[in-house]
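Single-structure report; data block below.
The values are calculated or read from the model by the stated rules, or taken from the named source; none is laboratory data. Predicted model, so just to flag it, every value in this text is computed and none were measured. Ideal geometry is used to build each Cβ from the backbone, glycine not excepted, and the neighbour counts take in all protein chains shown. Accessible surface areas use protein heavy atoms only, side chains included; no ligands, DNA or RNA. Shrake-Rupley method; radii C 1.70, N 1.55, O 1.52, S 1.80 Å.
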Amino acid sequence: MRPIGTATRGTTNPNRLRRMDRWIAATHGPALRRADRPVAVDLGYGAAPWTAVELLHRLRTAEPRTAVVGIEIDPERVAAAKPYEREGLTFRHGGFEIPLPERPDLIRAANVLRQYDEGEVAAVWRRLCARLAPGGLLVEGTCDEIGRRHVWVALGPEGPRTVTFATRLASLDRPSDLAERLPKALIHRNVPGEPVHAFLRDFDRAWAAAAPYASLGARQRWITAVRALSGDWPLADGVRRWRQGEITVKWAALQPNP
């Protein structure tokens with residue numbers, strides 16, 4: 001079967017996806033532990049296999065039995081990654097069809113759909129979610145080149161669940177700086193009248209109001225701002241994740257207008 005999708009630029013860097021990986025290990029670890037043979041996919045890992053190697057290491061801190069499969073649509077990238085295979089880590093040629101005999105418990109697609117048209121996203125989400133095992137998770141999103149700013153959507157077999165914003169707090173001027181890393185489903189909707197625009201506006205206001213806490217550090221300012229934001233927006237996490245420079249919002253509150 002011919003792989004479904006098109007080759008992306010393939011740019012990648014070591015440690016780029018650390019924030020996303022830590023979130024996955026923390027929130028999806030229990031599901032991996034319940035699986036008989038947990039399998040995770042790093043879809044579109046790029047010109048070098050670093051993100052797949054790192055995903056294996058980080059997921060095995062949550063469940064040591066986890067296996068990772070890196071899938072790339074460019075056969076030359078697969079050939080270049082083969083020398084990095086080891087116990088629990090393999091690489092395959094493929095695309096959105098996810099060419100595995102089993103249904104994976106996790107599919108991570110980072111910086112892949114950003115290079116597609118917005119109108120293609122929903123169909124790709126449906127295709128990938130249909131390949132998940134029961135209780136599985138799709139994480140699709142975007143980050144900057146060195147992993148300081150991330151935004152991702154978490155989806156189950158039923159569809160989108162949450163949107164997570166994650167950042168290196170020391171480099172943050174204001175929360176709306178994360179807008180440039182919104183995933184494809186949201187990045188063109190950051191305009192007045194759309195929920196994601198209203199959310200980032202309110203987040204900036206809460207951040208400004210929390211400015212007196214900056215003397216205690218960026219983390220305390222972030223926690224204070226997020227706590228204030230929780231009064232108006234349905235958050236799906238708590239202080240433990242906020243301390244990591246994260247905030248997770250229910251998808252229904254941010255989904256684009258029809």
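Ranking 197, 150, 57 by solvent-accessible area of protein heavy atoms (1.4 Å probe, all protein chains present), from largest to smallest, gives 57, 197, 150. Among 90, 128, 152, pick out the residue whose Cα is farthest towards the positive end of the charge dipole of the stretch 82-156, where Lys and Arg carry +1 and Asp and Glu carry -1 on C-beta, about the Cα centre. Working it through, the farthest residue towards the positive pole turns out to be 90. When all alpha carbon pairs of the stretch 64-214 are counted in 10 Å bins from zero, the resulting P(r) reads 10, 33, 33, 17, 7, 0 %. For the stretch 1-125, the relative contact order comes to 31 percent (Cα pairs under 8 Å, sequence separation of at least 6).
Between 0 and 90 degrees, the angle of helix 218-229 with respect to the longest Cα principal axis of the chain falls at about 80 degrees.
Taking the Cα centre of the chain as origin and assigning +1 to Lys and Arg Cβ atoms and -1 to Asp and Glu Cβ atoms, the resulting dipole is close to 660 debye. Dividing the summed helix terms, -39500 (n - 2.57) for each DSSP H run of n ≥ 4, by the number of residues in the chain produces a 222 nm estimate of -9500 deg cm²/dmol to the nearest 500.
Comparing 234, 206, 223 along the charge dipole axis of the stretch 194-258, the residue lying farthest to the positive side is 223, per the Cβ-charge model. Counting only protein heavy atoms and using a 1.4 Å probe, what share of the accessible area of the chain belongs to carbon plus sulfur, as a whole percent? In the chain, the share of accessible area belonging to carbon and sulfur is 50 percent.
Net charge dipole, the stretch 89-189: roughly 140 debye, given to the nearest 20, about the Cα centre with Cβ charges of +1 for Lys and Arg and -1 for Asp and Glu.
Per-residue surface analysis assigns residue 61 an accessible area of about 100 Å², computed on protein heavy atoms at 1.4 Å probe radius. Estimated at the nearest 10 Å², the accessible area of residue 241 is 40 Å² with a 1.4 Å probe.
When the stretch 159-258 is described by a simple charge dipole with +1 on each Lys and Arg Cβ and -1 on each Asp and Glu Cβ, the residue from 178, 254, 166 located farthest towards its positive end is 166.
Amide H contacts of residue 70 (H built 1.01 Å from N, in plane; Pro and chain starts excluded): 42, 90, 91, 92 sit under 5 Å, all sequence-distant by 5 or more or on other chains. Amide H contacts of residue 12: 47, each under 5 Å away and 5 or more positions distant or on a separate chain (H built 1.01 Å from N in the peptide plane; Pro and chain starts excluded).
How would you classify the stretch 56-104 from its alpha-carbon gyration tensor, with a ≥ b ≥ c the square roots of the eigenvalues: rounded for a/c under 1.5, else prolate if a/b is greater than b/c, otherwise oblate? Judged from the Cα gyration tensor, the stretch 56-104 comes out oblate (a/c at least 1.5, b/c at or above a/b).
Here the Debye sum runs over all C-alpha atoms of the chain as equal scatterers in vacuum, and log10 of I(q)/I(0) at q = 0.08, 0.11, 0.12, 0.13 Å⁻¹ comes out as -0.30, -0.57, -0.68, -0.80. When 114, 2, 219, 18 are compared by accessible surface with a 1.4 Å probe, the order from highest to lowest is 2, 219, 114, 18.
So what's the angle, to the nearest 10 degrees on a 0 to 90 scale, between helix 18-34 and the longest Cα principal axis of the chain? With rounding to tens, the tilt is 60 degrees. The C-alpha atoms of the chain define a longest principal axis, and helix 195-209 lies at about 50 degrees to it.
Mean sequence separation of contacting Cα pairs (under 8 Å, at least six apart), scaled by the length of the stretch 144-258, corresponds to a relative contact order of 30 percent.
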